[in-house]
Each structure stands twice: as C-alpha cells, then as structure tokens.
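This report refers to the structure that appears directly beneath it.
The values are calculated or read from the model by the stated rules, or taken from the named source; none is laboratory data. Predicted model only: the values in this text are computed from it and were never measured. With ideal geometry, Cβ positions are generated from the backbone for all residues, glycine too; neighbour counts draw on all protein chains shown. The accessibility values were calculated without ligands, DNA or RNA, using every heavy atom of the protein model including side chains. Shrake-Rupley method; radii C 1.70, N 1.55, O 1.52, S 1.80 Å.
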Amino acid sequence: MARARSSERGGLQRHRAGSDPTDDRSLSDKFIKVMRLMRVSSSRADIAGLSNARYEFLHALVHSGPGRMSALARQLQISPRTVTPMVDALEADGLIARAQDPNDRRAQVITLTPAGLELMRRAHAERIARTDDLFAALDVADRDTLGALLDTIIATAAAGTSRPDREPSG
C-alpha cells in the first residue's frame with residue numbers, strides 16, 4: 001500500500017489525506033492529544049462547583065453577553081429543550097436572570113448576575129491553573145512562542161483563511 005506524500009517541518013510530519021491512520025506523528029494528532037489532555041485536566045472534577053455543562057453555558061454568557069435561550073442553544077450546539085432545565089437551575093442558584101425580550105414578548109433574555117460573573121472569574125482562574133500544569137514542561141520563551149502560534153491559527157481561522165498570506169476564502 002502506497003503512503004501519501006508527507007513533508008518534514010520542525011521534526012513533525014504533515015500527512016496528506018489517505019495517510020496511514022496508525023501513524024500519530026502528525027501535527028494534528030499531537031494537537032488533538034494536547035486538547036484531550038486539557039479536557040481531562042479541566043473536567044477531572046467540577047470547576048468552582050460547576051459541572052462542565054454549567055461552566056460552558058455561563059462561559060457563553062460571559063463572552064457573548066445576554067441572549068435568548070434559542071441563541072444560546074445554537075451557540076452551544078445543544079438541543080433547545082435542554083436549555084430550559086439548565087436555565088431553571090442556574091436561575092435558582094442566583095447565577096443568571098431572565099427578563100422579557102423587549103423586542104419579542106414571547107421570548108426571554110438570559111443575563112449573567114454579578115454572583116454568576118464572580119463565580120466565572122473563580123472558575124476561569126481554576127481552569128487556567130489546571131491547564132497550566134500541562135505547559136509546565138515548557139520554559140517561558142516556548143510558552144510565549146506557542147501562544148503566538150496559537151494566536152495566528154485563531155486569527156486566520158476567524159478571517160476565513162488557511163494561511164496568513166492568503167486572501168479570505170469565499
């Protein structure tokens with residue numbers, strides 16, 4: 001069986017489609033392993049007393065601001081019917097509040113309360129501390145380099161390009 005062409009760059013192989021699926025030396029495979037390690041580290045136990053689902057819901061409110069339950073469901077890629085019990089529980093805990101949407105009396109807008117924001121500050125600090133342990137093997141310069149590289153990936157993905165020197169697709 002012929003293997004697909006690969007190129008060496010920085011000791012990592014980049015494989016084209018059709019490459020050997022048992023070969024885990026590619027950059028993508030290594031990145032996926034790090035993401036899994038981060039997920040395990042972050043969800044090993046509740047963070048600041050929040051389940052992962054509750055953390056993700058509140059995190060969406062922190063970063064997107066107040067929103068309708070339907071919009072939050074789309075953003076989190078969950079079924080709208082699973083949002084209502086989560087909203088009920090978070091509201092009962094004083095972490096969120098609901099108000100009637102001024103543009104549509106049938107809809108409700110969910111907002112983070114000051115207590116919810118404070119809890120998310122603590123949860124964020126705890127999550128960062130847990131995941132920072134994964135990067136302890138890197139010195140400060142390597143962490144800075146990794147951060148800059150990740151910023152480049154995020155920026156190019158947000159711009160709809162595959163490389164910084166390409167024009168946005170579409």
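Return yes when GLN75 is under 26 Å from ARG39 (Cα atoms) and out of contact with any Asp or Glu (no Cβ under 6 Å at 6 or more places or on another chain) and no when it is not. If you could, list the steps in order and put the result at the bottom.
On the way: under 26 Å from ARG39 (Cα atoms): yes; out of contact with any Asp or Glu (no Cβ under 6 Å at 6 or more places or on another chain): yes.
Spelling it out, GLN75 is indeed under 26 Å from ARG39 (Cα atoms) and out of contact with any Asp or Glu (no Cβ under 6 Å at 6 or more places or on another chain).
Can you name every residue in region 131-147 that is open to solvent by 70 Å² or more (accessible area, probe 1.4 Å) and in contact (Cβ under 8 Å) with a residue 24 or more places away in the chain?
Of everything in region 131-147, just one residue is open to solvent by 70 Å² or more (accessible area, probe 1.4 Å) and in contact (Cβ under 8 Å) with a residue 24 or more places away in the chain, namely ASP133.
Cβ contacts < 6 Å: first residue buried (at least 16 other Cβ atoms within 10 Å of the Cβ), restricted to region 47-69; second residue outside any helix (DSSP H, G or I) and among the small types (Gly, Ala, Ser), any location; separation 6+ or different chain. Result?
Qualifying pairs under 6 Å: ARG68/ALA107.
Test each condition in (1) of a type in the set (A, V, I, L, M, F, W, C); (2) modelled with pLDDT under 90; (3) part of a helix (DSSP H, G or I) for LEU146 and report the one that comes out false.
The single condition LEU146 does not satisfy is (2).
Considering region 76-103 alone, what residues qualify as being open to solvent by 80 Å² or more (accessible area, probe 1.4 Å) and either basic (Lys, Arg) or more than 23 Å from ALA115 (Cα to Cα) (or both)? Write out each step before concluding.
Initially, region 76-103 is screened for residues open to solvent by 80 Å² or more (accessible area, probe 1.4 Å), giving 77, 80-81, 92-93, 100, 102-103.
Residues satisfying the conditions are GLN77, PRO80, ARG81, PRO102, ASN103.
Considering only residues of region 104-123 that are in contact (Cβ under 8 Å) with a residue 40 or more places away in the chain and open to solvent by 60 Å² or more (accessible area, probe 1.4 Å), which is farthest from the chain's Cα centre (by Cα)? Write out each step before concluding.
Initial filter on region 104-123 (in contact (Cβ under 8 Å) with a residue 40 or more places away in the chain): 108-112, 116-117, 119-120, 122-123.
If we keep only those that are open to solvent by 60 Å² or more (accessible area, probe 1.4 Å) as well, we get 108, 117, 122.
Working: GLN108: 25, LEU117: 18, ARG122: 17 Å.
Filtering first and then ranking leaves GLN108.
If you take the residues of region 136-163 that are among the hydrophobic types (A, V, I, L, M, F, W, C) and within 17 Å of LEU27 (Cβ to Cβ), which of them is farthest from the chain's Cα centre (by Cα)? It would help to see each step written out before you state the result.
At the first step, the residues of region 136-163 found to be among the hydrophobic types (A, V, I, L, M, F, W, C) are 136-138, 140-141, 146, 148-150, 153-155, 157-159.
Retained after the next criterion (residues that are within 17 Å of LEU27 (Cβ to Cβ)): 138, 146, 148-150, 153-154, 157.
Details: LEU138: 22, LEU146: 17, ALA148: 17, LEU149: 17, LEU150: 13, ILE153: 14, ILE154: 12, ALA157: 14 Å.
Selected residue: LEU138.
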